[in-house]
Amino acid sequence: MKKKSTLAQKLCTSPHIVWSAIFIVVPLIMVVYYAFTDANGAFTFDNITRLGDYTTTFLRSIWYGIVATIICLIIAYPLAYIIAQSKAKVQSTMVMLVMIPMWMNFLLRTYSWMTLLEDNGVINGILEKIGLGPFHMINTSGAVILGMVYNFLPYMILPIYTVMTKLDRSLVEAAQDLGANKIRVLKDVIFPSTLSGVVSGITMVFVPSVSTFYISQKLGGGSFALIGDIIEMQFQVSNNFNFGAALSLVLMVLILICMAVMNKFGDDDESARGGMMI
Amino acid sequence: MKKLISCLCALAIVFLTVAPLTAVASAKDYSHLRGTEINVYNWGEYISDGAEGTMDVNKKFEEETGIKVNYTTYDTNENMYNKIKGGGANYDIIIPSDYMIQRMLEEEMLEKINFDNIPNYSNIMDEYKDLYFDPTNEYSVPYNVGMVGLIYNTKLVTETPDSWGVMWDEKYSGQILMFNNPRDAFGITQCYLGIDLNTSDSNDWHRAYDKLKEQKPLVSSYVMDDVFNKMESGEAAMCAYYAGDYLSMKENNPDLSFVYPKEGTNIFVDSVCIPVGCQNKEGAELYINFLLREDVALANAEYICYASPNKAVVNNDEYSLKDEEILYPAPGDMPKTQYYHNLPPELLMLMTSLWDNLKIEGNDDTSIYVGLISFTVIAVGYAVYRTIRKKRRERMY
């Protein structure tokens, strides 16, 4: 039987609903409205048809986002496992170390990478001292991806770590007792049961990576724009809110599609496993 | 009790009004403005802020007049324009550049200034009055004047460049910094090609775009204020930037040198204006008058290092940049200069979309496609493999 919510419950939830309506739903409607109108408010498809010119930029953003997410996953997964396996005291210290950089401003962190990566920068200075030639690192796509990985890595580590701590050790032991080797245990027991953390980690890294704009300007030298840069330009320089809204709308749709595909993978696996375990 | 309070109030009022009268040596009485606020919206690093023993202009104004200054900054004209146009905030003072003043006037976004409250306007040099963007001198008061020039590092550039062409020289590939805003980037290119900065011929804009595209592989990065860092550290060999900023950079890196290229360059005037929607117009006018006062204008000119349109500064013997030829070229050495004018909407649109085009083309386009396609193939392959495996398992159980 469906429970009827009491007046008290309704009163409790209403601030949240009003809040979401004003600050999430209304802005979304405005984005859609702007995307399909011109500067005078007349209905038009021009903004959408113009998007074709920006295909490469969209693809570049998505590609960089994918690469950054994969690198984050490769780094974060073992790290989260190691953290989750260590003693309680060590654990809290390590989680702290992951979090501390996040307390510093995002812009500042990116800016300091600029100083590190420059041709006369700190890293090249050290490399030259030990006899390795200077490498050109700043203003390359590698630098941009590095910036993304560095800035968003904690968002991958933390959800995976949280799931890892809840991992049932007895399952691992059972698998080992039944003769599974280490790889088998990882592949068939540990990974499937931490998949929910991986999926939310991927979401939390991929979405900001795709839509980022500051990193590419500072570490990429502004010579190749990501979609976030183009959107920023429409609002800050060109004063073309309508086209900016159209770009944002398409970006949102693309991210939604990517996420839907992602979740499909996650759901499939869990249901399969769940079925098997029963 | 009531009497006591009113007595105290009266006393306080007497106190508060007498104090400023002794400080502000002006004929008019502005004591009624005490306790009010003004919102000032200025460029970053564009006022003497008390660093290293300089005058803190805003604090001094507050002390003298009792008007509180809420100070915020922007980094491009367009940024400021969008904020005001969006109606998100009320400002009493803004300092746009020439072409932006023209645009804001056309869109009726500026208030007429009451010059009765600004006796110090007489300090402004005649050559900075009656300018094209405010022919009747009713809406703006010049604050700073500047020109764009070529800044280069003598350690990395052995020749003595005299043309914008050096920014297209392949010798300096990877060491050139370019403006990261369309107007200035196109401006330099147009100067180099000998095109009018305000040309209404779209072919001219396309020609400039082609030239910018040709330059792109040589450009290390497109920058605005990061230019200070990169030029001072010797990271880049040359850039085009504002003359006043060169003087600030040179203090930190003596290897830098400066030239006004022979093809000509852009000159700009940043003027103080009062936008429509201001809440404290009289307070704003008092502030403008304060900025024009000899000691304040001098402190600002020393701090900002831009050329001053203020007679009282330029003729002041204490002014350390008085003989700086970069700011005040001798009449014979004056480079060819042009002002930016406000562009009609369709040209603005053309310019920004060309600029977008310049920015979206990367040098790694093929690797993106290869990468994305291989990723998709792997992902699809994995998905197919999983479905097959799942079906097989289902059959098994």
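At-a-glance table
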| quantity | calculated |
| --- | --- |
| Residues located in the range A:206-219, provided they are part of a loop (DSSP other than H, G, I, E, B) and modelled with pLDDT under 90 | A:Phe213 |
| Matching residues in the range B:361-389 - criterion: being closer than 30 Å to B:Lys213 by Cα, of a type outside the set (S, T, N, Q) and facing chain A (nearest Cβ under 8 Å) | B:Glu361, B:Gly362, B:Asp364, B:Asp365, B:Ile368, B:Tyr369, B:Gly371, B:Leu372 |
| Selection status of B:Asn79, without any contact (Cβ under 8 Å) to a residue 12 or more places away in the chain, within 12 Å of chain A (Cβ to nearest Cβ) and either of a type outside the set (D, E, K, R) or surrounded by 22 or more Cβ atoms within 10 Å (Cβ to Cβ) (or both) | yes |
| Residue within the range B:179-201 that is without any contact (Cβ under 8 Å) to a residue 24 or more places away in the chain and of a type in the set (Gly, Ala, Ser) present | no |
| Residue list for the range B:170-214, filter: in contact with a strand residue (DSSP E or B) (Cβ under 7 Å, 6 or more places away or on another chain) and in a helix (DSSP H, G or I) | B:Tyr172, B:Asp184, B:Ala185, B:Gly187, B:Ile188, B:Cys191 |
| Test: residue in the range B:266-275 that is touching a residue at least 60 places away in the same chain (Cβ under 8 Å), away from every other protein chain (no Cβ under 14 Å) and more than 30 Å from B:Cys191 (Cβ to Cβ) | yes |
| When residues of the range B:347-360 are limited to those that are aliphatic (A, V, I, L, M) and facing chain A (nearest Cβ under 8 Å), the one surrounded by the fewest Cβ atoms within 10 Å (Cβ to Cβ) | B:Met349 |
| All positions within the range B:355-366 that are within 22 Å of the chain's Cα centre (by Cα) and at pLDDT 90 or above | B:Trp355 |
| Residue check, B:Ser221 part of a strand (DSSP E or B) and within 13 Å of chain A (Cβ to nearest Cβ) | yes |
| Flag if A:Asn120 is within 14 Å of chain B (Cβ to nearest Cβ), farther than 26 Å from A:Ser61 by Cβ and surrounded by 19 or more Cβ atoms within 10 Å (Cβ to Cβ) | no |
| A:Thr44 vs. criteria of a type in the set (Ser, Thr, Tyr), in contact with an Asp or Glu (Cβ under 8 Å, 6 or more places away or on another chain) and surrounded by fewer than 17 Cβ atoms within 10 Å (Cβ to Cβ) | yes |
| Cβ pairs under 8 Å, 6+ apart, first in the range A:62-87 and within 12 Å of chain B (Cβ to nearest Cβ), second outside any helix (DSSP H, G or I) and modelled with pLDDT under 95 | A:Tyr64/A:Leu226 |
| Single match in B:Tyr74, B:Tyr30, B:Tyr121 (criterion: within 14 Å of chain A (Cβ to nearest Cβ) and not small (Gly, Ala, Ser)) | B:Tyr74 |
| Where a residue in the range A:240-264 is farther than 15 Å from A:Met30 by Cα and its partner, wherever it lies, is of a type in the set (S, T, N, Q) and at pLDDT 95 or above, with Cβ under 6 Å and at least six apart | none |
| Residue ID - surrounded by the most Cβ atoms within 10 Å (Cβ to Cβ), chosen from residues in the range B:239-265 that are touching a strand residue (DSSP E or B) at 6+ places or on another chain (Cβ under 6 Å) and under 19 Å from A:Gly121 (Cβ atoms) | B:Cys239 |
| Sole residue being assigned to a loop (DSSP other than H, G, I, E, B) and not assigned by TED's automatic domain parsing to the domain that holds B:Met231, chosen from B:Glu127, B:Glu138 | B:Glu138 |
| Only listed residue being within 25 Å of B:Glu263 (Cα to Cα) and either outside the structural domain of B:Lys211 (by TED's automatic domain parsing) or over 26 Å from the mean Cα position of the chain (by Cα) (or both), chosen from B:Met334, B:Met396 | B:Met334 |
| Candidate set: the range A:128-147, residues that are under 21 Å from B:Gln175 (Cα atoms) and without any contact (Cβ under 8 Å) to a residue 24 or more places away in the chain; chosen: the one nearest to the other protein chains (Cβ to nearest Cβ) | A:His136 |
| Subset tally (residues that are in contact with a strand residue (DSSP E or B) (Cβ under 9 Å, 6 or more places away or on another chain) and in a helix (DSSP H, G or I)) for the range B:266-288 | 5 |
| B:Tyr339 vs. criteria under 20 Å from the mean Cα position of the chain (by Cα) and of a type outside the set (Val, Ile, Thr) | yes |
| Matching residues, the range A:166-187, being surrounded by 13 or more Cβ atoms within 10 Å (Cβ to Cβ), part of a helix (DSSP H, G or I) and within 26 Å of the chain's Cα centre (by Cα) | A:Leu186 |
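This table checks each residue for (1) of a type in the set (Asp, Glu); (2) buried (at least 16 other Cβ atoms within 10 Å of the Cβ).
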residue: B:Ile47; (1), (2): no, yes
residue: B:Thr54; (1), (2): no, no
residue: B:Val57; (1), (2): no, yes
residue: B:Glu62; (1), (2): yes, no
residue: B:Asn70; (1), (2): no, no
residue: B:Tyr74; (1), (2): no, yes
residue: B:Gly88; (1), (2): no, no
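So that you can scan it fast, the table gives a plain yes or no per residue for (1) over 29 Å from B:Ile95 (Cα atoms); (2) charged (D, E, K, R); (3) assigned by TED's automatic domain parsing to the domain that holds B:Ser353:
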| position | (1), (2), (3) |
| --- | --- |
| B:Val157 | yes, no, yes |
| B:Gly165 | yes, no, yes |
| B:Tyr172 | yes, no, yes |
| B:Thr199 | no, no, yes |
| B:Asn203 | yes, no, yes |
| B:Glu214 | yes, yes, yes |
| B:Asp226 | no, yes, yes |
| B:Asn229 | no, no, yes |
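The values are calculated or read from the model by the stated rules, or taken from the named source; none is laboratory data. All figures in this text were calculated on a predicted structure; none of them were measured in a lab. Here the Cβ is made from the backbone with ideal geometry for all residues, glycine too, and neighbour counts use every protein chain on show.
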